[in-house]
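For reference, the structure is listed below as structure tokens.
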Ligand SMILES: [Fe+2]
Ligand SMILES: [Fe+2]
């Protein structure tokens, strides 16, 4: 019977089954549709007609791990992050720790790809910096912002060569966008240049299966250097609280 349905009809049927299971109508933000190459958004009225008796999802998405009422930074690592992303940042922070870096640099390494790992990848340095800015020293968020640009520019004296990965990803003739070039120029002459540069030095891609990494090594450093809001990230009325709430409930209708 299913064989007689077209691919899009089958996708619709699956979607219906999912909505029935979920109990609420889960819709996608315009941005999520853009990422699928679609210019559009489901209208509320149309969705109600499509799923009679159902309401829009305004709470937790039951498909995702439940978050505590007052989530901490470490809860986001646990419940809202790709495993590979968490591993990459832990490896980076471990590398910095072993090299004897100061705590600000280690924290910057631990958080540098937060956006790629748990939010949005394009302009990840900027998004990541903004997410943590109210809670860390300005030097840490500045370094996270700037590491994105610095990754495209080698500094052999500091121990950073242009990554082979980027040649594979983008081709040998890739030229960064103008704003990336401009931020690189700004960063190069900045008093915190070396903090951002150290993120790139410890931003290693080789995944050593024998390397033991654990958040346990960083709990105290996070405790001393990340001002965890008592109300929980997302509920502290900071200028970025809504961004954390979006991570907690990415499919909330409004
Ligand atoms: Fe990065
Ligand atoms: Fe990275």
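Using 18 Å as the cut-off for backbone N distance, which residues of the range 74-108 belong to the label zone defined by a point 7 Å from the Cα of residue 220 along Cα→Cβ?
93-108
How high is the FRET efficiency from residue 16 to residue 157, r the C-beta distance, R0 51 Å, rounded to 0.05?
It comes to 0.25.
Using the beta-carbon distance between residue 98 and residue 41 and R0 = 41 Å, what value does 1/(1 + (r/R0)^6) give for FRET efficiency, to the nearest 0.05?
The calculated FRET efficiency here is 0.30.
By average Cβ neighbour count within 10 Å, what is the ranking of 175-182, 101-108 from highest down? Spell out each step's value before the answer.
Details: 175-182: 12.4, 101-108: 22.4.
Result, highest mean Cβ count within 10 Å first: 101-108, 175-182.
For the range 127-167, treating each Cα as an identical point scatterer without solvent, what Debye log10 I(q)/I(0) comes out at q = 0.20, 0.23, 0.30 1/Å?
-0.67, -0.76, -0.92
Give me the tail of P(r) for the range 15-111 as a percent: Cα-Cα pairs with distance above 21 Å.
Tail fraction, whole percent: 57.
Viscosity 0.890 mPa s, temperature 25 °C: Stokes-Einstein D of the chain from its Kirkwood Cα radius, in µm² per second? Please list the in-between numbers first.
Working: Rh = 20.4 Å.
The diffusion coefficient I find is 120 µm²/s.
Quick one: work out Rg over Rh on the C-alpha atoms of the range 38-186, Rh as Kirkwood radius. Mind dumping the intermediate values first?
Working: Rg = 19.5 Å, Rh = 18.1 Å.
Across the range 38-186, the Cα-based Rg/Rh ratio is 1.07.
Kindly express, to the nearest 10 degrees and within the range 0 to 90, the angle between helix 193-202's C-alpha long axis and the longest C-alpha principal axis of the chain.
70 degrees
Compute log10 of I(q)/I(0) for the range 175-254 with the Debye formula, placing one identical point scatterer on every Cα and leaving out solvent, at q = 0.26 Å⁻¹, to two decimals.
Debye curve over Cα of the range 175-254, log10 I(q)/I(0) at q = 0.26 Å⁻¹: -1.08.
Of the peptides 199-205, 39-45, 68-74, how do they stack up when ordered by the mean number of other Cβ atoms within 10 Å, highest first?
199-205, 68-74, 39-45
Give me the angle, in degrees from 0 to 90, between the Cα long axis of helix 83-98 and the longest principal axis of the Cα atoms of the chain, rounded to the nearest 10.
With rounding to tens, the tilt is 10 degrees.
Please give the Cα centre distance for the range 140-175 versus the range 184-253, rounded to the nearest Å.
About 19 Å separates the Cα centre of the range 140-175 from the one of the range 184-253.
Given axes a ≥ b ≥ c from the Cα gyration tensor, I'd like to know whether the range 81-138 is rounded (a/c under 1.5), prolate (a/b larger than b/c) or oblate.
Values: a/c = 2.56, a/b = 1.25, b/c = 2.04.
In terms of gyration-tensor shape, oblate.
Extent of the range 2-56 along each principal axis, from alpha carbon coordinates, in Å, largest to smallest?
32, 28, 17
Consider all pairwise Cα distances in the range 111-254 and report the whole-number % of them above 26 Å. It would help to have the intermediate numbers written out before the result.
Values: 3262 of 10296 pairs.
Counting every Cα pair in the range 111-254, those more than 26 Å apart make up 32 percent.
For the ranges 84-92, 161-169, what's the packing order if you count other beta-carbon atoms within 10 Å of each residue, average per peptide, and put the highest first?
Per-residue Cβ counts within 10 Å, averaged per peptide and sorted highest first, yield 84-92, 161-169.
In degrees, nearest 10, range 0 to 90: what is the angle between the Cα axis of helix 138-150 and the longest Cα principal axis of the chain?
The two axes meet at around 80 degrees.
Where a number appears in this text, it was derived from the coordinates with a stated rule and is not lab data. In this text, all values refer to a predicted model and were calculated from it rather than measured experimentally. Neighbour counts are summed over all protein chains in view; Cβ atoms, including those assigned to glycine, are modelled from backbone coordinates with ideal geometry.
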